[in-house]
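The values are calculated or read from the model by the stated rules, or taken from the named source; none is laboratory data. These figures come from a predicted structure and were not determined experimentally. Cβ placement follows ideal geometry from the backbone for every residue including glycine, while neighbour counts extend to all protein chains displayed. Only protein heavy atoms, including side chains, enter the accessible area calculation; ligands, DNA and RNA are left aside. Shrake-Rupley method; radii C 1.70, N 1.55, O 1.52, S 1.80 Å.
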Amino acid sequence: MEIKFERFHLQSDFRPPLGGSEVISIPTEVRIDPLTKRRSRIITWALPLQDKFDFSKMTQESKGCIFCPENVLQKTPQFLNEISSEGRISIGGAIGFPNLYPAGTYGSVVVLCRDHFLNLNQFTSELYEEGLSVSIEMIKRTMSFDPDARYWQISQNFLLPGGSSILHPHLQVIGDPIPTNEMGWLIDNCINYYQENGTLYWNDLIKIEKGLGKRYITNIGNVHWFVSFAPIGFNEVCGSVEGHGSITTLGQEEIVSLARGIVSTLKYYYDKNLNSFNFSLYSISGETSYQLLIRIISRTPFQSNYLNDCTSFEVLQSELTANIIPEELCREIRPYFP
Ligand SMILES: [Zn+2]
């Protein structure tokens, strides 16, 4: 099994609206992910972005939410005694507790800060270091009495386009004894790759990407940051953590590296007038051929004429689209990383 960067060039030709002999050609690229073989469609045009959205009215109206400091200890549920006899787990300004509306076996929330709203340039590394540390503590304590819960996602859905009804910055930490679709595809393909090559896919990919230099951003400690060849979302940035498959084995250095990469990506999104995003850390224990991965994507920004970014391509054709050439994104985002 070889790491191949396969792509198809598609092109649409047409004449201008008022006719004439000129032919306008718009290219589209379909790329095949080297690991999952999933197709992504890179669209080479994008609707012009509007100005930065002013969140002050929305922030004012929704202040005093369930995650705000005056409510969080009164209105959020508490862990079972097996996980925390204190009910909730806090580190610095981050506080973790069970989700009132879980979507799995272990569904928790980590509120990242006391502030009800942050612009993307206001998220700090410290805030994610604390949020990730609380998440890791919750996962470790849960797995100590239920080791079958091996599959965990630590995700952030930020703002309405990202699927969050609550503005207040928070993480979702969800663990199950079965993987999600995405985790299943990652595991199966990593196992196949390992059986055929005797090496870890992510290590080999990083080596190749470093050599090519077109999509590799940088490394922060042993977290390697890069742009996917075949992204599954807009402005997708990935981090692969060398030597770890599960988030539970990370030390402080890796936690800081992840936090710094997230914050660098969000600062870039802010400068591009984006305001909504998702990320997921795919944490899987007991799979030696797998390596911990984080994916960060932007969503169509919240604005007065909001446009959903999931079209029939994504929801019915299972073909994901992106609107920036990955190599271009890599060039643009590199200066944002330390
Ligand atoms: Zn709040």
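Quick notes
- Filtered by the rule that a residue be open to solvent by 30 Å² or more (accessible area, probe 1.4 Å) and in a strand (DSSP E or B), region 149-173 gives 153, 157, 172.
- Selection from region 70-104 of residues that are in contact with a Gly (Cβ under 6 Å, 6 or more places away or on another chain) and open to solvent by 70 Å² or more (accessible area, probe 1.4 Å): 78
- Enumeration of residues in region 13-49 that are open to solvent by less than 60 Å² (accessible area, probe 1.4 Å) and either free of Cβ contacts under 8 Å to residues at least 12 places away in the same chain or among the polar types (S, T, N, Q) (or both): 16, 19, 20, 24, 25, 28, 36, 40
- Enumeration of residues in region 204-229 that are touching a residue at least 40 places away in the same chain (Cβ under 8 Å), open to solvent by less than 50 Å² (accessible area, probe 1.4 Å) and over 20 Å from the mean Cα position of the chain (by Cα): 204
- Scanning region 47-77 for residues that are more than 9 Å from the ligand (Cβ to nearest atom) and touching a strand residue (DSSP E or B) at 6+ places or on another chain (Cβ under 6 Å) yields 76, 77.
- Hey, residue 96 assigned to a strand (DSSP E or B), farther than 13 Å from residue 133 by Cα and in contact (Cβ under 8 Å) with a residue 12 or more places away in the chain or not: no
- Of the set (1) within 16 Å of the ligand (Cβ to nearest atom); (2) open to solvent by less than 60 Å² (accessible area, probe 1.4 Å); (3) not in a strand (DSSP E or B), all apply to residue 130 but (1).
- Flag if residue 323 is open to solvent by 10 Å² or more (accessible area, probe 1.4 Å) and in contact with a Lys or Arg (Cβ under 6 Å, 6 or more places away or on another chain): no
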